[in-house]
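One structure is given here, and the rest of the page talks about it.
The values are calculated or read from the model by the stated rules, or taken from the named source; none is laboratory data. Keep in mind that what you see is a predicted model, and the values were worked out from it rather than measured. Please note: Cβ atoms are built from the backbone with ideal geometry, for glycine as well, and neighbour counts cover all protein chains shown. Calculation scope for accessible area: heavy atoms of the full protein, side chains included, ligands and nucleic acids excluded. Shrake-Rupley method; radii C 1.70, N 1.55, O 1.52, S 1.80 Å.
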Amino acid sequence: MSDRSRKLFGVQFHPEVVHTPWGVEIFRNFLYRQCGCRETWTPASVVTTSVEAIRNQVGSGKVACALSGGVDSAVTAALVHRAVGDQLTCIFMDHGFLRKGEAEQVVRTFRENFHVNLIHVQAQKRFLDRLQGVADPEEKRRIIGDEYANVLEENARKLGDVQFLAQGTLYPDVIESGTREAARIKTHHNVGGLPETLKLQLVEPARYLFKDEVRAVGEELGLPDDIVWRHPFPGPGLAIRILGEITPGHLETLREADAIIIDEIMAAGLYRRLFQCFGVLAPMKSVGVMGDQRTYGVTIILRAVVSDDAMTADWAQLPYEVLSRISTRIINEVPGVNRVAYDISSKPPATIEWE
Ligand code: XMP
């Protein structure tokens, strides 16, 4: 509907939904033809504007940034680094629940390629010690969040007079509540924020970007594909993908199995088509047979989903050959696993993660 004389336009459906035919064109016409906006959004222009804004905000101050290995914090760190160089120190904590090769890659990218000041905190033992005997998923999350804050605070204090904290808040986090509360929801959800006692001002260069835009900016900044296109990963990582108690043995098993899953999905050219794919370790043991030996091993559950926004998700209809290769390789290559199961539940009523 419209009132052209007063330049008022409205629709009573959802042009923003991907399934709406001509939805994008409606926006295009409205913005460019009626409002007179110009198409100036490019990843390069976002980089230029953000870099300038960061310089204005930070001045000669010092900035800390907790890197998680995910794309949001990586792009944030890369933007801040481009803006203020050595005034930035990244803290990358290995809590021991990262995927195979992830820590090495983050360190290599930021320290060696970007020459960022990076503190690589090896806190694996501290986390494992505190999680001994803990099987309840909420309790695991609470302990990991708590320990993360402790270790991060210790390391941030060592940096001396830091005034700013760079954080990878995205626009969906901002609109989630419409207030500054949003950043806190994410911090809380994400293990990654520094405690409020440090009294740091937030630097959030990605707070007006959506995920696909963050990825475009990441590519513009020269971040490697592995980081830019990496699937979402929960802050507590593999710790919540191991059901029951976390042991070093189970961690090793899941890390290897998960790496095989990713490897085969990538080899099949399916990685970017999936929203997430990963392994889950179910500690219940079952009888199997290998050669002429009876085995008694754990089960790896393969989870692969397609989704737009993680609010709803469908299990991915992976080709049988890919399923077969994943299963054969995990059982042959990962000691202690004698069964691979495929999760064929959608969200809702299931969730994407198992916990
Ligand atoms: P569920 O399992 O609730 O997960 O369907 C929805 C999405 O959220 C991710 N997830 C997390 N992301 N910190 C995060 O940043 C977390 O603690 C966390 N827990 C779950 C999950 O991987 C999925 O994409």
Determine, from the Cβ-Cβ distance of GLU112 and ARG55 and an R0 of 22 Å, the FRET efficiency 1/(1 + (r/R0)^6), rounded to the nearest 0.05.
0.30
Regression test value, accessible area per residue of the chain, probe 1.4 Å, units Å², expected 52
Nearest 20 debye, what's the magnitude of the dipole of the chain about its Cα centre given +1 on Lys and Arg Cβ and -1 on Asp and Glu Cβ?
500
Loop sites in the range 193-255: trypsin sites (Lys or Arg not before Pro), DSSP, at most 12 other Cβ within 10 Å:
LYS199
Name the residue farthest towards the positive end of the dipole of the range 241-342 from the options ILE330, MET290, ILE260, assuming +1 on Cβ of Lys and Arg, -1 on Cβ of Asp and Glu, about the Cα centre.
MET290
Which helices, taking whole DSSP H runs in the chain, have alpha carbons extending 18 angstrom or more along the helix axis plus mean Kyte-Doolittle at least -0.5?
43-58, 71-84, 248-267, 320-333
Carbon and sulfur together cover what percent of the accessible area of the chain at a 1.4 Å probe radius?
53
Value at 222 nm in deg cm²/dmol, rounded to 500, when DSSP H runs of n ≥ 4 in the chain each add -39,500 (n - 2.57)
-12000 deg cm²/dmol
Is the shape of the range 233-341 rounded, prolate or oblate, going by the alpha carbon gyration tensor and its root eigenvalues a ≥ b ≥ c, with a/c under 1.5 for rounded and a/b larger than b/c for prolate?
oblate
The range 199-308: which GluC sites (Glu not before Pro) are DSSP loop and have at most 15 other beta-carbon atoms within 10 angstrom?
GLU245
Out-of-range pairs (alpha-carbon distance over 30 Å; input LYS211/LYS285; LYS62/LYS140; LYS125/LYS158; LYS140/LYS347):
LYS211/LYS285; LYS62/LYS140
Could you tell me which of rounded, prolate or oblate describes the range 27-106, using a ≥ b ≥ c as the square roots of the eigenvalues of the alpha-carbon gyration tensor, with rounded for a/c under 1.5 and, failing that, prolate when a/b is larger than b/c and oblate otherwise?
oblate
Only Cα pairs within less than 10 Å get springs; with that Gaussian network setup on the chain, which residue of THR247, THR299, THR49 has the largest fluctuation?
THR49
Prolate/oblate/rounded call for the chain, Cα gyration tensor, a/c under 1.5 rounded:
oblate
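Quick one: compute the contact order of the range 249-355, relative version, from alpha carbon pairs under 8 angstrom and 6+ residues apart, as a percent.
It comes to 28 percent, rounded to a whole number.
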When the solvent-accessible surface of protein heavy atoms is calculated with a 1.4 angstrom probe, in what order do LYS125, LYS347, LYS100 fall, highest first?
LYS125, LYS100, LYS347
Rounding to the nearest 20 debye, state how big the charge dipole of the range 111-162 is about its Cα centre with +1 on each Lys and Arg Cβ and -1 on each Asp and Glu Cβ.
140
Given a Förster distance of 56 Å, the FRET efficiency implied by the Cβ-Cβ spacing of ASP343 and LEU8, rounded to the nearest 0.05, works out to 0.70
At R0 = 25 Å the Cβ-Cβ FRET efficiency linking ARG273 and ASP226, nearest 0.05, sits at 0.90
Hits among aspartates and glutamates - C-alpha to C-alpha of LYS100 under 17 Å, sequence gap 8 or more where chains match
ASP225, ASP226, GLU252, GLU256, ASP258, ASP263, GLU264, GLU333
